[in-house]
Each structure stands twice: as C-alpha cells, then as structure tokens.
Amino acid sequence: MIELKPGAVPDIPLLWSLRTRAVRQLCASHYSPEQIDIWSESPPPESYLRLLASGCALVAEQEGERLGYGILDRQSGEVIALFVEPAEAGKGIGKRLMQGLDGIAAQEGFTRLYLYASLNAADFYRAMGFVAMREEAYLHPSAITLRSLYMERVLPMNSLH
C-alpha cells in the first residue's frame with residue numbers, strides 16, 4: 001500500500017536523485033539531449049529548503065521505498081514538483097500524490113492550483129483535471145529554456161473544508 005509521508009529537509013538529496021532519474025528517462029521523449037543533460041545536472045533550488053521546512057512536500061513510499069514526491073507552495077498554490085520513479089510511472093503514484101497535494105491546498109484555503117508542466121507530463125495533468133492555459137518558454141533555474149504548458153485546475157469541492 002502506498003503511504004504519503006511529509007518530506008523533510010534531510011530528504012532533499014534522495015528526492016533530487018529521484019527527480020534526476022525521472023528527468024533523464026521520462027522527459028527525453030520531449031526535450032533534446034542537451035536540454036536533458038543541463039536540466040538533470042542542475043542542483044536543487046534553494047527554494048526546496050524553504051518548501052520542505054514548511055511542510056509543503058509529500059513523499060510516496062511503499063515498504064520503505066521512495067516511489068515519488070510532490071511539492072506544493074503553500075503561499076502561492078503552485079505545484080512546484082511532482083516526480084515518480086520512472087519504473088513506477090503509470091501505477092497511480094502521481095495521482096495519489098496529487099490527491100495529497102489537494103489536501104494541503106484545501107488546508108490553505110486554495111480553490112485553484114496551477115503549475116508549469118513539462119510536455120511529457122501534460123497528459124497526466126490533463127487527466128488530473130488541469131487545463132492548459134498557454135504554452136510558455138519556462139526559464140529553468142539552470143538557465144535553460146524549456147517548452148512547457150501553464151496549467152490550472154479548480155480543486156474538487158470534496159477536498160475543500
């Protein structure tokens with residue numbers, strides 16, 4: 001059974017390693033090898049310290065193994081990250097993480113979430129109810145530009161308190 005646990009600052013290296021595997025394996029179908037190399041070699045952004053310290057991250061685990069993680073910025077309602085171990089993609093882990101992020105968003109009083117989706121993840125987010133508002137050139141912290149979709153979603157009424 002998949003459990004969602006709060007992410008913590010000491011988890012950053014392991015989460016970032018998971019993210020790097022996901023970028024290398026799952027994003028390669030939509031981005032150039034040069035983009036993938038630069039993207040995957042970038043260090044964790046400084047914002048991860050703040051976000052994980054403030055309880056914005058959820059880690060999906062099964063039998064002690066980390067299968068994915070998601071981060072919601074409690075101040076803005078932006079889904080900052082949602083990554084799943086490549087070998088576990090398509091098994092409902094991302095959906096479970098999104099449901100957990102919905103719960104955090106509801107606690108904060110958000111009625112809408114937004115994110116910048118990599119092109120390979122757009123169909124997943126559409127299945128989660130996100131709507132693409134526009135295509136954008138996302139300036140990644142590593143200084144590369146990645147084509148992405150700015151997407152929004154109204155939270156399900158049953159997640160609001």
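Remarks
- Members of the range 35-45 found to be in a loop (DSSP other than H, G, I, E, B) and touching a helix residue (DSSP H, G or I) at 6+ places or on another chain (Cβ under 8 Å), listed by number: Pro43, Pro44
- Within the range 121-142, the set of residues being among the hydroxyl-bearing types (Ser, Thr, Tyr) and either at pLDDT below 95 or more than 16 Å from Tyr69 (Cα to Cα) (or both) comprises Tyr138, Ser142.
- Residues in the range 9-19 include at least one that is in contact with a Gly (Cβ under 9 Å, 6 or more places away or on another chain), in contact (Cβ under 8 Å) with a residue 40 or more places away in the chain and not in a loop (DSSP other than H, G, I, E, B).
- Listed by first and then second residue, the pairs linking a residue in the range 47-66 that is touching a residue at least 40 places away in the same chain (Cβ under 8 Å) to a residue that is of a type in the set (Ser, Thr, Tyr), with Cβ atoms under 7 Å apart and 6 or more places separating them unless they lie on different chains, are Ala57/Tyr69; Leu58/Tyr69; Val59/Tyr69; Ala60/Tyr69.
- Restricting the range 1-35 to residues that are of a type in the set (D, E, K, R) and over 14 Å from the mean Cα position of the chain (by Cα), the residue that is nearest to Ile93 (Cα to Cα): Glu3
- In the range 124-150, the residues that are at negative phi and free of Cβ contacts under 8 Å to residues at least 12 places away in the same chain form Cβ pairs under 8 Å with partners that are polar (S, T, N, Q) and in a strand (DSSP E or B), at six or more places apart or across chains, as follows: Ala137/Thr145; Ala137/Ser148; Leu139/Thr145.
Here is a yes/no grid of residues against (1) touching a strand residue (DSSP E or B) at 6+ places or on another chain (Cβ under 8 Å); (2) surrounded by 15 or more Cβ atoms within 10 Å (Cβ to Cβ); (3) at pLDDT 95 or above:
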residue: Leu4; (1), (2), (3): yes, yes, yes
residue: Ser17; (1), (2), (3): no, no, yes
residue: Glu41; (1), (2), (3): no, no, no
residue: Ser47; (1), (2), (3): yes, no, no
residue: Gly55; (1), (2), (3): yes, no, no
residue: Val59; (1), (2), (3): yes, yes, yes
residue: Arg74; (1), (2), (3): no, yes, no
residue: Val79; (1), (2), (3): yes, yes, yes
residue: Phe83; (1), (2), (3): yes, yes, yes
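- Subset of the range 61-70 [surrounded by fewer than 24 Cβ atoms within 10 Å (Cβ to Cβ) and within 15 Å of Gln99 (Cα to Cα)]: Glu61
- Residue ID - modelled with the highest pLDDT, chosen from residues in the range 85-120 that are among the hydroxyl-bearing types (Ser, Thr, Tyr) and under 21 Å from Gly55 (Cβ atoms): Tyr114
The values are calculated or read from the model by the stated rules, or taken from the named source; none is laboratory data. All values derive from a computational prediction rather than experimental measurement. Cβ: placed from backbone, ideal geometry, glycine included. Neighbour counts: every protein chain shown.
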